[in-house]
Amino acid sequence: MFSLSIKEMTFFKLRYLLIGFILFFVAALVFIISGLANGLANDNASSMKQMEVNSFYLAKDSESRLDRSQFTIEQADKAKDATAFGVQMQTAEKGKDGKKIDSTFMTFENQKLVPEVVEGKAPSKTNEVIVDKTMQEDGVKLGSTLYLPTVDKNVKVVGFTEHFTYSHTPVVVMKTAMWEKMGFGYNALVSTDGTPKQTIKGDWSTKDDVVAQIPGYSAEQSSLNMMLSFLIVIAVFVLGAFFYIMTIQKVQQFGILKAIGAKSRSLISSTMLQVFVLSVTSIALAALFAYLLPALMPAGMPFVFDPAVVLTYSAALLAVSLFGALVSTISIVKADPIQAMGRVE
């Protein structure tokens, strides 16, 4: 019976190819949207996610938002078992041409939190900084000068890091000495181990809570996740309808098979096997397409192929397909051998 189901698929190639294409495009759309969601999440908060810290101590009533939290240098000096962390969104001007670059300036009192340099060197002088590689698209090179008009200071780029962005802007990492020289305060105290009690007023927040409060982060993710949810719900009805129609078209065949001794259980198993093979093949091809897609996308497109996420959605789509096919098997149980043989008076 199982070999017969495979032979049927090879005989009616066009019918099963069309259904396979529909499942392929639905799965590919799910994987592409999930990849864009991951890409936007990384582009918005990769710097925060890379920080090897557990908790952020923020000012009272800041609601886990870094931009609402401010500590003076004197307050930061009173930190116990925690180090100062500063973040400021600024518009920098590049070199002599004065090209404006939206960027985020950060500083870490704990030098172990400074991101790895992938090109150039780590800062050794007060006015030296490392920047995210995306700034190279704006013409920033090793040795370039960035001017901050709000504080009338210049810094020199001596190294590049990668995947270190904040709120869709490249991050510029500088030494705390230069940070304080510019007159900036600190936004948080960070801890790599627990939530030590502090003498200054504030509250501890988890990294996840702080990331969720980055401007635009939650809105982007919730919108894309809702799209994915609706897409999977739509897939339930679309695939269910196709499998139901496909099963209805074979009711007479099922009736004849029952007349010669086939059991409903065997016919249902045969149909489910066809759907399983078709679904696994289509979903696997869609996953491969999503994996290769970044090579075809424009440079700078925020797309991240996450195997764990793809595997999760693959399992969901497979379950949806099998569920839709299982609903359609009701017609197999109701198939009447007498009607199929044309013996109804």
From Phe230, Phe184, Phe237, Phe164, which residue is touching a helix residue (DSSP H, G or I) at 6+ places or on another chain (Cβ under 6 Å) and among the aromatic types (Phe, Trp, Tyr)?
Phe164
Restricting to the stretch 129-146, name every residue that is part of a strand (DSSP E or B), crowded, with 16+ Cβ neighbours inside 10 Å and more than 24 Å from the chain's Cα centre (by Cα).
Val129, Ile130, Leu146
Does any residue of the stretch 242-251 turn out to be loosely packed, with under 15 Cβ neighbours inside 10 Å and either on the phi > 0 side of the Ramachandran plot or in contact with a strand residue (DSSP E or B) (Cβ under 9 Å, 6 or more places away or on another chain) (or both)?
no
What do you reckon, is Lys197 farther than 29 Å from Ala299 by Cβ, modelled with pLDDT under 90 and not polar (S, T, N, Q)?
yes
Of all the residues that make up the stretch 1-49, how many are among the aromatic types (Phe, Trp, Tyr), touching a helix residue (DSSP H, G or I) at 6+ places or on another chain (Cβ under 7 Å) and modelled with pLDDT of 85 or more?
2
Would it be correct to say that Val238 is under 30 Å from Val327 (Cβ atoms), without any contact (Cβ under 8 Å) to a residue 40 or more places away in the chain, out of contact with any Ser or Thr (no Cβ under 6 Å at 6 or more places or on another chain) and not in a loop (DSSP other than H, G, I, E, B)?
no
Filter pass, Thr150 being modelled with pLDDT under 90, out of contact with any His (no Cβ under 9 Å at 6 or more places or on another chain) and either surrounded by fewer than 21 Cβ atoms within 10 Å (Cβ to Cβ) or of a type in the set (Ser, Thr, Tyr) (or both)
yes
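The values are calculated or read from the model by the stated rules, or taken from the named source; none is laboratory data. Note that this is a predicted model, so its numbers are computed, not measured. A quick note on method: Cβ atoms are made from the backbone with ideal geometry, for glycine too, and the neighbour counts reach across all protein chains shown.
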